[in-house]
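Below: one structure, written as structure tokens.
What follows draws every value from the coordinates through simple rules; no lab data is involved. Quick caveat: nothing in here was measured; it's all calculated off a predicted structure. Please note: Cβ atoms are built from the backbone with ideal geometry, for glycine as well, and neighbour counts cover all protein chains shown.
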Amino acid sequence: MKRKKSFSIPETIISVAVIVISLGYALNFMMQSYWQWSFEQQAVQLLKDIETARALALFKRESTRVVFYGEQNFYRVFLDQDYPANQYYIERKLNRRTGFMAHFGISSFHYFDEQGILRTGSINFGSSSSEFGGELRFTFRGTPSIGGHVALYSDALDKVLVIIVKPVTGRARIGNVTASYVR
């Protein structure tokens with residue numbers, strides 16, 4: 001008597017179930033990896049644009065501004081001579097899962113910097129800043145009028161990155177901080 005070499009129905013169902021579950025885990029991992037990459041790219045792009053504003057101030061020998069629109073989830077870089085006319089040098093809209101805290105309805109934000117000093121506000125560059133927006137201004141010497149920080153939030157990852165601008169030098173970097181926030 002010849003035996004057939006094939007799977008029975010229960011074996012086939014179990015094999016398909018294992019494959020589907022494995023694909024589900026792989027897809028979840030790929031999506032998390034994509035959102036992590038996208039979030040980091042948005043932060044690096046903002047960092048580069050802040051550095052561009054500083055370099056532009058030095059090159060053009062005039063003040064520049066980086067204006068943050070928190071609720072609308074975008075920012076612009078202006079040369080001061082063009083600022084009243086709303087002609088901007090750079091405009092970037094952040095993607096739908098990454099953005100400023102106000103865009104996601106987060107109203108309270110704080111962190112301790114590397115020296116242990118409490119810093120508050122998701123966009124904080126002096127008295128003209130709030131959770132909903134603010135501006136970072138570089139003088140014609142490339143120094144900021146005041147140092148500060150801006151926080152980016154990833155809705156997909158529930159994670160925050162803080163970009164810190166030093167008050168004297170104007171150097172910007174992504175801070176190694178632990179942030180707290182309240183929705």
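Taking each DSSP H run with n ≥ 4 as -39500 (n - 2.57) and averaging over every residue of the chain yields -10500 deg cm²/dmol at 222 nm. Of the labelled options (1) 93, 34, 26; (2) 83, 34, 31; (3) 48, 45, 24, which one gives Cα extents along the principal axes in Å as computed for this structure? Identified label for the calculated read-out: (1). Taking the chain as the reference, fit the longest principal axis to its C-alpha atoms, fit the long axis of helix 9-60 to the helix C-alpha atoms, and give the angle between the two in degrees, 0 to 90, nearest 10. With both axes taken from Cα atoms, the answer is about 10 degrees.
Multiplying the residue separation of residue 176 and residue 48 by 0.36 nm and subtracting their alpha-carbon distance yields 44.3 nm. Extending 7 Å from Cα along the Cβ direction at residue 110 and again at residue 88 yields two label points whose distance is 3.1 nm. Between residue 146 and residue 25, the simple spin-label model (points 7 angstrom out along Cα→Cβ) gives 5.2 nm.
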